[in-house]
Amino acid sequence: MKQEICERKASGSARECVPHWLRILLWALLLLNMAVIFTMSSKTAEQSTVTSDAVLAKPLEVYEDHHPESAGDQRVYLRFQFVVRKSAHVLEFASLCLWATGLLLAYRVRFPYLLGGCFTALYAASDELHQLLVPGREGKVTDWLFDCLGALVGVLIVYLIFRIIRKRYEGN
């Protein structure tokens, strides 16, 4: 037996069904994403730097192979580190917003894009406050702004996916 949660559209007879497994999957992804963000934010400054440096090592090596004059240049390292760290903020919170907005759409909540973005921005603010309690870390408004940029990216991705799906079903 296929387990689905169906709800009537406000307009009348047409039914929209969101499979139960999809809602469970979205909940699991949302909670997992939140746990990953919390875990990454719980790392001390030194642990965070080790993680960033591990991600940074190969791209920096490739860059220095093509630009040998920059080998060992601290400015190049700092630029790469900035890009890696801020990209992590954007990616973490884009995915969080993607799952949150997807859930809101699955439950047919009003204003899902706005609420998904607001939820993500609030979680990002709590993440920056959490970092104030971690040794060597600090909560930064600029990091929160990158998190909010990630939320915007997440909302746009969900909007585009939902629009493509809607056009596909309307076309049939």
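Couple of notes before you dig in:
- Residue-level check: of (1) free of Cβ contacts under 8 Å to residues at least 24 places away in the same chain; (2) of a type outside the set (A, V, I, L, M); (3) touching a Phe, Trp or Tyr at 6+ places or on another chain (Cβ under 7 Å), E138 misses just (3).
- Test result for A88, of a type outside the set (S, T, Y), over 22 Å from Q47 (Cβ atoms) and part of a helix (DSSP H, G or I): no
- Among the conditions (1) of a type in the set (A, V, I, L, M, F, W, C); (2) loosely packed, with under 13 Cβ neighbours inside 10 Å; (3) over 24 Å from L25 (Cβ atoms), the only one that F111 does not satisfy is (3).
- Selected residue [of a type in the set (A, V, I, L, M) and closer than 27 Å to P59 by Cα] from A94, A125: A94
- Looking across segment 19-51, the residues that are in contact (Cβ under 8 Å) with a residue 24 or more places away in the chain, under 21 Å from L129 (Cβ atoms) and either among the hydroxyl-bearing types (S, T, Y) or in contact with a helix residue (DSSP H, G or I) (Cβ under 8 Å, 6 or more places away or on another chain) (or both) come down to L30, N33, M34, V36, I37, F38, M40, S41, S42, K43, T44, S48.
- Residues that are of a type in the set (A, V, I, L, M, F, W, C) and under 19 Å from A94 (Cα atoms) were ranked within segment 34-54; the one that is surrounded by the fewest Cβ atoms within 10 Å (Cβ to Cβ) is A35.
- Flag if L103 is touching a residue at least 24 places away in the same chain (Cβ under 8 Å), of a type in the set (A, V, I, L, M, F, W, C), part of a helix (DSSP H, G or I) and farther than 15 Å from G154 by Cα: no
- Test: residue in segment 139-147 that is touching a Ser or Thr at 6+ places or on another chain (Cβ under 7 Å), of a type outside the set (K, R) and surrounded by 14 or more Cβ atoms within 10 Å (Cβ to Cβ): no
- Scanning segment 106-143 for residues that are at pLDDT below 95 and not in a loop (DSSP other than H, G, I, E, B) gives a single hit, A106.
The values are calculated or read from the model by the stated rules, or taken from the named source; none is laboratory data. Since this is a predicted model, take the numbers as computed values, not measurements. Note: ideal-geometry Cβ built from the backbone for every residue, glycine included; neighbour counts use all protein chains shown.
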